[in-house]
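Heads up, the thing below is written out as structure tokens.
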Amino acid sequence: MNGFELLDPVIATLAPDVVFPAISAETLPSMRGPLPSMAGAPPLSDEVTRVDHDVSSDPRVVVRVHQRRGAEGPRPCVYSIHGGGYVLGDYSMDDARFDRWCQLFDCVGVSVEYRLAPETPYPGPLEDCYAGLAWTFAHAGEIGVDPARVGIAGTSAGGGLAAALALLVRDRGEYQLQYQLLDCPMIDDRRVTQSSRIDSLLIWPRESNEFGWKAYLGALYGSDDVPYTAAPARCPDLRGLPPAYVCVGGADGFRDEDIEYALRLNQASVPTELHVYPGAPHGVAMFTATPIAQRYGHDIEDWLGRQLA
């Protein structure tokens, strides 16, 4: 099956302008930096403040706290984990999103800067995310967060880390999460689904997916010993997790693993909303002017608004 044949017609017309080569050990250094955007980065808002805080020095973990200027009192918090296949990206990818959400929902946004693979394989990045979340709860009063209204969100590998973080929080029992927002999460290292084998995917092709998992899992890659907090699709018991939103495109290699995860969450009595968008590729949000991307983003905000109301 060819991924281009699955694309939404409007996005198919834009596909020739998309430059996102497969990632490998050779191309990774040149790929690091700002990830591509179809419309460029929007100017940051003066109505939202962004303050970085050191969570720990060794390893160095930083969180960026986003707040509506002049906001007062305890507010709900969205704890966000950026994407990038476990090997790319940084927490500034959340700046524009929280410029909007902090004003739209009157929430506090917290973005975590976790270490990247292959320099830091599992469990390092996940433990960084947990450390940032622990800091958020510990400093809730200082940053205007209601500790009873903290949820997590992530896109792609950030969605995988968010799903894994929800499992880790459940297992350790130190904190309570209100919800988990899993946007096209990267959750299954085994890559055995039909969608994971689609050729010529517009964004994040099979070759990149294989490299990302090899980098993240290190010596665990290809074995039966991969923990479910590394690849959440491997978790045998999803009971006790917070309510979830799972969204993915029909032209995304993660389509089948995400649909299956949402189904299993529902079967485990976890309230879960699933959205699948025919024709949407991985990273559809980059195509900001297209109707399908706008619908994708609107549905996320509709669900998140209900959690934060």
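The values are calculated or read from the model by the stated rules, or taken from the named source; none is laboratory data. Quantities reported herein were computed from a predicted structural model and do not represent experimental measurements. Note that we place each Cβ from the backbone using ideal geometry, even for glycine, and neighbour counts take in every protein chain shown.
I need a count of the residues in region 4-18 that are part of a helix (DSSP H, G or I), of a type outside the set (A, V, I, L, M) and closer than 12 Å to residue 278 by Cα.
Residues in region 4-18 being part of a helix (DSSP H, G or I), of a type outside the set (A, V, I, L, M) and closer than 12 Å to residue 278 by Cα: 2 in total.
Between a first residue in region 117-135 that is closer than 11 Å to residue 168 by Cα and a second residue that is aromatic (Phe, Trp, Tyr) and surrounded by 23 or more Cβ atoms within 10 Å (Cβ to Cβ), which pairs have beta carbons less than 7 Å apart while being 6 or more apart in sequence or on different chains?
Hits for this filter: 129/114.
Yes or no, residue by residue, for (1) assigned to a helix (DSSP H, G or I); (2) out of contact with any Gly (no Cβ under 7 Å at 6 or more places or on another chain); (3) free of Cβ contacts under 8 Å to residues at least 24 places away in the same chain:
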| position | (1), (2), (3) |
| --- | --- |
| 209 | yes, no, no |
| 259 | yes, yes, yes |
| 275 | no, yes, no |
| 296 | yes, yes, no |
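When you go through 219, 215, 268 one by one, which is the residue that is surrounded by fewer than 19 Cβ atoms within 10 Å (Cβ to Cβ), modelled with pLDDT of 95 or more, within 23 Å of residue 26 (Cα to Cα) and of a type outside the set (Asp, Glu)? If you could, list the steps in order and put the result at the bottom.
Details: 215 fails: surrounded by fewer than 19 Cβ atoms within 10 Å (Cβ to Cβ); 268 fails: within 23 Å of residue 26 (Cα to Cα).
Answer to the selection: 219.
Return yes when residue 148 is out of contact with any strand residue (DSSP E or B) (no Cβ under 7 Å at 6 or more places or on another chain), in a strand (DSSP E or B) and among the aliphatic types (A, V, I, L, M) and no when it is not.
yes
Residue-wise test of (1) β-branched (Val, Ile, Thr); (2) buried (at least 17 other Cβ atoms within 10 Å of the Cβ); (3) modelled with pLDDT under 95; (4) within 27 Å of residue 305 (Cβ to Cβ).
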residue	(1), (2), (3), (4)
122	no, yes, no, no
125	no, yes, no, no
131	no, yes, no, no
137	no, no, no, yes
142	no, no, no, yes
146	no, no, no, yes
150	yes, yes, no, yes
157	no, yes, no, yes
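Conditions tested, residue by residue: (1) at pLDDT 95 or above; (2) part of a loop (DSSP other than H, G, I, E, B); (3) surrounded by 22 or more Cβ atoms within 10 Å (Cβ to Cβ); (4) out of contact with any Pro (no Cβ under 7 Å at 6 or more places or on another chain).
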{"site": "165", "(1), (2), (3), (4)": "yes, no, yes, yes"}
{"site": "174", "(1), (2), (3), (4)": "yes, yes, no, yes"}
{"site": "186", "(1), (2), (3), (4)": "yes, yes, yes, yes"}
{"site": "190", "(1), (2), (3), (4)": "yes, yes, no, yes"}
{"site": "193", "(1), (2), (3), (4)": "yes, yes, no, yes"}
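Across region 94-131, what is the number of residues that are touching a Cys at 6+ places or on another chain (Cβ under 6 Å) and in a loop (DSSP other than H, G, I, E, B)?
Qualifying residue count, region 94-131: 1.
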